[in-house]
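Beneath this line is the structure, given in structure tokens, with notes to follow.
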Protein chains: 2
Amino acid sequence: MTASPLLSTDPSVVLSGAGVFGDALADQAVPVAQVDFRPPLGAGTLDDALVRVLADPRRAAADAEAVRRVLAIRPQLVDVRPAREALGLEPGTFLHAGPPVTWDRASGPLRGALMGAMVFEGLAATPEAAERALADGTAPFEPCHHHGAVGPMAGVVSPDMWVFELADPATGRRAWCSLNEGLGKVLRYGAYGPEVIERLRWMSAVLGPLLRDAVRAHGPVDVGAIIAQMLQMGDEGHNRNRSGTLMLLRDLLPHLVASAAPSADIADAVRFVGGNDHFFLNLVMAAGKLMMDAGRGVPGSALVVAMARNGTDFGIQVSGTGDRWFTGPARVPEGLFLGSFGPGDANPDIGDSAITETCGIGGFAMAAAPAIVRFVGGDVDFALRTSRRMYEITLTENPQWQLPVLDFRGTPTGIDVTRVVRTGVLPQINTGMAGRVPGTGQVGAGLVTPPADCFTGALLALAEHAPALPGPV
Amino acid sequence: MTASPLLSTDPSVVLSGAGVFGDALADQAVPVAQVDFRPPLGAGTLDDALVRVLADPRRAAADAEAVRRVLAIRPQLVDVRPAREALGLEPGTFLHAGPPVTWDRASGPLRGALMGAMVFEGLAATPEAAERALADGTAPFEPCHHHGAVGPMAGVVSPDMWVFELADPATGRRAWCSLNEGLGKVLRYGAYGPEVIERLRWMSAVLGPLLRDAVRAHGPVDVGAIIAQMLQMGDEGHNRNRSGTLMLLRDLLPHLVASAAPSADIADAVRFVGGNDHFFLNLVMAAGKLMMDAGRGVPGSALVVAMARNGTDFGIQVSGTGDRWFTGPARVPEGLFLGSFGPGDANPDIGDSAITETCGIGGFAMAAAPAIVRFVGGDVDFALRTSRRMYEITLTENPQWQLPVLDFRGTPTGIDVTRVVRTGVLPQINTGMAGRVPGTGQVGAGLVTPPADCFTGALLALAEHAPALPGPV
């Protein structure tokens, strides 16, 4: 007679949930496989909503159509223009990142950036005067997303700032994003000192026109193809854009050099772009906006078409629910800090740059950029696991954007509200961190996820739009 | 009574050697762990030599000193000059890749490149006339390696060609490499048609002087730092140099733009460099030469200081054996072919570019460049395994050049002749493939290893130099 195998063989334990039990077993040299299971978000009403949305007979075809439209977009840089011209932005009006927000609820960096933009536009002599005007409501501001645009961090765009204009040749769709100012004390991180304003003026007077002329001489720049190559060159397109920046520079250079502008200006522009590894981010963002806008408005689709933060609220928009925002309180990222800054200095999550994750790169493509962990925190294994985990909450893979180290698997693309709610896995976002006090600038970079409320809110709204389930028999 | 565990439990088999037995077991669903064990190279005399070299009391300190010198080098690009000036190369003399070789044993691409160089120098009116002069011995040629230089593929350098000059600030050491011509029908792959000669003339008349002026205006370019970044940007420094090329361009650009040269020439130069992802290879090679030359001449050290091929022979040089070459027949690489070319069109392995592997990158750093497998063959897992395997035959890790996906482990650096002989693991080289017929140009890119003879030959020579072992008691 043989003993029960449970007693005669070594135990092998599969665990989910609290790690303390597994730790105790591991201390006794028992092999433990920790399974990353989480209960679905919410319960009760939410369960009913989930069933109703999953049972929606339109869902499969709607999601397929939405992601088909997204993946069909070929983002090309076609022009560089002032925002007043490209976006029809009236003097005295401003755009900002994230869902709508009022001045009294606006975060420090968003306030700082709006104040700086007022000074830049010549509408206020001092930041203090600008602050009063903004608090009075005499200088209106609206989300970039409501105007086909996106902006990193505070995302403030004013009429005299120049923007990249991207277009899709087949559909004629367009999207815009501001020009990147570099790191440190810059407007988008809420700084508004004289050096910030001076740099913005140079960007509008010199850099913008030079880039415009080079882009027009070059013809459309295939931003989608550059992104594909970036992912083979250590960039994830959100917090690493080094190779993308260099490829843009390479493509525009012959035309910059051939320009009639003073060679000192050309040298300055080349030095500015080449010295800012994040310059290409704003083109990735515009490409993401162009792609995801194409996925909007498909009835029954649970595809997330925007994730954006204003520094106070995190908001998402979903294909099947029109332009409605589903919001929750923005979290403070965890990560690495510059100089003497620490967690107490960081503002909650801010910026439209999560459009990169929305379109399947950034945090979703961390496996392409293991070196990113030196900038945002985590380790290489975390980077690989993160990309793999994002396949659990996405609808498709992008065959044109591949992750070499995952055997050239396409990037996980198209966040599905139902999968997020079912799995409890939240989208991973790599992000910069702004100082919470206006005027500070950047304090670090890190990792963050959206609040679960955005997804449960969206699910409830999708359920409202879904056909009623047949009643009990 | 319980049955023997061999019968009551599933068998688990560890296999080394022939795969056919394991395949048969695997077909029967038996788990098989194939172990990559190989017998040491050679036997008999070689065993005695290995024991004698391993017992050499100087060895540990000698190897440590040799790699210390290698890793202390800081390769900087300090000038761009004609070879006649930089190398003192006399009119009518030529340099070539690999160990010394005579015309009658020279491979097709080496012959083709020498013929083209004669025409380029104005020493022959036609390739046929050049061929006669070379066969007559009236145009002498010697290895680049004998002149502190390296050249990719055929590696032919003539006095009027321009070369990169690299220096180490601490030791004043220098090393040189030609400028990269691009891919396809180019001299270094043995092509010598009119377009090849015309391109070389433009490189000497326009590109060389522009680069010289830009480098002198910029000051020393830190090539070692660029290589460190390349390894975080998907390049392995031998067959992928895309990000390295872009970073060089970025650094030199403001000075190119500010040059007094005609802007059409500057635009041409920028287009040429930016359009050739391999441009930076020649700087990586010169950096490798500079580093490895510093490791030469340490008595008792088994460090490989050069691996080079002339298209007929593969040769290595070793720190403890002076300038002696240990050669074996060059192998034909396996890989991917361009257009309609196939294995029958490929010449055996050629070029000094294996200096990249000698200094720990190229094939040794494939883990940094998973996308390389789309160019040289293999799969992503092979790329990761290759880097890991190279640690078995190297003396140290380079803390300045890191492989992000291997948790930022330093590149495997300093091939040890004794470890190669003991393990039977041969250095992995990524390489271009030249057509075997002179005039053809590039036919593909692939993977290759040196013949084992180089290492057994070097071991025997090291043994000759080692102190006699104490006789039997």
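The values are calculated or read from the model by the stated rules, or taken from the named source; none is laboratory data. As the structure is a computational prediction, the values presented were derived from the model and not from experiment. Here the Cβ is made from the backbone with ideal geometry for all residues, glycine too, and neighbour counts use every protein chain on show. Quick note on the areas: whole protein, heavy atoms, side chains included, nothing else; ligands and nucleic acids left out. Shrake-Rupley method; radii C 1.70, N 1.55, O 1.52, S 1.80 Å.
Evaluating 6.51 cos²θ - 1.76 cosθ + 1.60 at θ = phi - 60° for every residue in segment A:110-116, the Karplus couplings come out as 5, 4, x, 5, 5, 4, x Hz, glycine and proline recorded as x.
Estimated from the Cβ-Cβ distance and a Förster radius of 22 angstrom, the FRET efficiency linking B:V437 and B:T102 is about 0.65.
Using the Cα atoms of segment B:233-321 to build a convex hull, what is its mean projected area in square nanometres? Before the final figure, lay out each step's value.
Values: hull surface 32.7 nm².
The directionally averaged projection comes out at 8.2 nm².
Global dimensions of the protein assembly as shown from alpha-carbon coordinates: Rg and Dmax equal 31.2, 101 Å. Packing around the peptides A:51-58, B:270-277, taken as the average count of other Cβ atoms within 10 Å per residue, puts them in this order, highest first: B:270-277, A:51-58. For B:K185, the lysines whose Cα comes closer than 27 Å to its Cα, not counting residues fewer than 8 places off in the same chain, are B:K289.
If we count every other residue with Cβ under 13 angstrom of B:E464's Cβ, Lys/Arg +1 and Asp/Glu -1, where does the sum land?
Values: positive: B:R52, B:R324; negative: B:D48, B:D56.
Around B:E464, the charge tally is 0.
When only C-alpha pairs under 8 Å and at least 6 residues apart count, what is the relative contact order of chain A, in percent? Working shown, then result.
Values: 1131 pairs, mean separation 97.4, N = 473.
This gives 21 percent for chain A.
Size descriptor for chain A, Kirkwood hydrodynamic radius: 23.0 Å (Cα pairs only, one decimal). With the convex hull of the Cα atoms taken as the outline of segment A:39-103, the averaged projected area works out to 9.1 nm².
Using alpha carbon coordinates only, what is the Rg to Rh ratio of segment A:102-252, with Rh defined as the Kirkwood radius? Before the final figure, lay out each step's value.
On the way: Rg = 16.7 Å, Rh = 16.8 Å.
Rg/Rh for segment A:102-252 comes to 1.00.
The amide H of B:V443, built 1.01 Å from its N in the peptide plane, has B:M433, B:A434, B:G435 as neighbours under 5 Å, considering only residues 5 or more places off or on other chains.
Across identical copies of the chain, A:D48 has label-point separations of 9.2 nm, listed in ascending order, with the point defined 7 angstrom from Cα along Cα→Cβ.
Which order do A:T356, A:T423, A:T102 take by accessible area at a 1.4 Å probe, largest first? Mind dumping the intermediate values first?
On the way: A:T356 0, A:T423 40, A:T102 75 Å².
Heavy-atom accessible area, descending, gives A:T102, A:T423, A:T356.
Given a 1.4 Å probe and the protein chains as shown, A:L459 ends up with an accessible area of around 0 Å². Electrostatic tally near B:W103: other residues with Cβ closer than 10 Å to its Cβ, Lys and Arg +1, Asp and Glu -1, net -1. What figure in square angstrom, to the nearest 10, would you give for the accessible area of B:R388 with a 1.4 Å probe? For B:R388, the solvent-accessible surface is approximately 130 Å².
Using the Kirkwood radius over Cα pairs, work out the Stokes-Einstein diffusion coefficient for segment A:331-473 at 37 °C and 0.692 mPa s, in µm²/s as a whole number. In µm²/s, the coefficient rounds to 200. Within the shell defined by Cβ-Cβ distances under 14 Å, the residues around A:A49 carry a net charge of -2, with Lys and Arg each +1 and Asp and Glu each -1.
Nearest to the axis that brings chain B onto chain A is this chain B residue, judged by its Cβ, with the distance in whole Å: B:L246, 2. For segment A:267-319, the pair-distance distribution built from all alpha carbon pairs, in bins 10 Å wide starting at 0, is 21, 33, 26, 15, 4, 0 percent.
How large is Rg/Rh for segment B:292-353, to two decimals, with Cα atoms and a Kirkwood Rh?
On the way: Rg = 15.0 Å, Rh = 13.1 Å.
Ratio of gyration radius to Kirkwood radius: 1.15.
The same position A:G275 in the other copies lies at 3.0 nm from this copy, comparing label points 7 Å beyond Cα toward the beta-carbon, shortest first.
Quick note on segment A:67-113: its Rg to Rh ratio, both from C-alpha atoms and Rh being the Kirkwood radius, is 1.11. Inter-copy label distances for A:P470: 9.3 nm (label point placed 7 Å from Cα along Cα→Cβ; shortest first).
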